[in-house]
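Rule-based calculations on the coordinates, nothing more; no lab input. Just so it is clear, the structure is predicted and the values come from calculations on it, not from any experiment. In this analysis, Cβ positions are derived from the backbone assuming ideal geometry, glycine residues included, and neighbour counts consider all displayed protein chains.
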Amino acid sequence: MIDKLWFNTLIKPPFAPMDYVFAPVWGVLYVLIFASFIVYFLKKSENKNLGYVYFFIQLGFNFLWTPSFFYLKNILLAFVVVIFLDIFVFLTVKKFYSVSKISAILLIPYFLWILFATYLNFGYLILNKAL
């Protein structure tokens, strides 16, 4: 269970969305991520293995962020995780694009949201002196 009490005590960075925004946004993003993977998987092409590697690494970092931030309450660790997530989502988009432009385009909203999440995480880190 996420410790809302702890989270609500944090100083929020500018442009931090209301809590109710996250569930629907992530719902849409996970549909797009899954659709992107399916399009990539179905595309007949050589040398797709690196795309799979990048995809599953970024997915791992995606799943690590929530426990790092909310359960461990370690804003610095979460920031490191989201930086690696940024890198591997970028690499995934780049590799997917070389095989299927559609699969890459489907990941763009996710990449943009992750960049926004990086800004938010950095804001929480600085504003709450979590260094």
Positive-end residue, the chain charge dipole about Cα centroid, Cβ charges, pick of 113, 24, 90:
90
Taking the chain and counting helices only, DSSP H stretches of n ≥ 4 at -39,500 (n - 2.57) each over all residues, the nearest-500 ellipticity at 222 nm comes to -25500 deg cm²/dmol
So what is the relative contact order of region 50-131, in percent, for Cα pairs below 8 Å that sit 6 or more residues apart?
32
DSSP loop trypsin sites (Lys or Arg not before Pro) with at most 11 other Cβ within 10 Å: longest gap in the chain
45-128
For residue 20 and residue 76, extending 7 Å from Cα along the Cα-Cβ vector and measuring point to point gives, in nm, a value of 3.7
Provide the gained length on full extension for the span residue 53 to residue 127, in nm with one decimal, where the gain is 0.36 nm per separating residue minus the Cα-Cα distance.
23.1 nm
Output the 0 to 90 degree angle, nearest 10, between the alpha-carbon long axis of helix 22-42 and the longest principal axis computed from the alpha carbons of the chain.
20
Tell me the net charge near residue 55. Cut-off is 11 Å between Cβ atoms, residue 55 excluded, with +1 for each Lys or Arg and -1 for each Asp or Glu.
+2
If you build a Gaussian network model of the chain, linking Cα atoms that sit under 10 Å apart, which residue out of 42, 64, 106 swings the most?
42
Between the Cα axis of helix 75-99 and the main Cα principal axis of the chain, the angle (0 to 90°, nearest 10) is 20
Can you tell me which of 66, 92, 118 moves the most in a GNM of the chain? Springs connect C-alpha atoms under 10 Å apart.
66
Inter-centroid distance (Cα atoms) of region 45-84 relative to region 103-131, Å
12
If you add up the charges near residue 80, with Lys and Arg at +1 and Asp and Glu at -1, over every other residue whose beta carbon is less than 15 angstrom from its beta carbon, what do you get?
0
Working out 0.36 nm times the residue gap between residue 45 and residue 84, then minus their Cα-Cα distance, what length gain in nm do you get to one decimal?
11.3 nm
Cα lying deepest toward the dipole's positive end in region 1-124, options 59, 104, 124, charges on Cβ
104
Whole-Å semi-axes of the ellipsoid equivalent to the chain (Cα gyration tensor, √5λ, descending)
30, 14, 12
